[in-house]
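Written below as structure tokens is the structure these notes are about.
We did not get these values from a lab; they are worked out from the coordinates using the rules stated. Model, not experiment: these values are computed from the prediction. Ideal geometry is used to build each Cβ from the backbone, glycine not excepted, and the neighbour counts take in all protein chains shown.
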Amino acid sequence: PVIFCVLTDQNMQQAIDRSGGRHGNKGAEAAVAAIKMAQLRKDSRI
């Protein structure tokens, strides 16, 4: 799995909205996805 999170904010308000505002924290969402994928990979190894 590959997790690629790049924000292309047009202005400061968009950056604020995507870092914990009305759109949620997109960086935190990407980090959680990466941790879940690492755990899934670890669990699938026998």
Exercise. Would you work out which of ALA34, ASN11, GLY21 lies farthest towards the positive end of the dipole of the chain, given +1 charges on the beta-carbon of Lys and Arg and -1 on that of Asp and Glu, about the Cα centre?
Key: ALA34
Practice problem: Using only Cα atoms, find the angle between the long axis of helix 26-44 and the longest principal axis of the chain, and express it within 0 to 90 degrees, rounded to the nearest 10. | Solution: 0 degrees
Self-check item: Net charge of Cβ neighbours under 9 Å - reference ASP9; Lys, Arg +1; Asp, Glu -1
Solution: 0
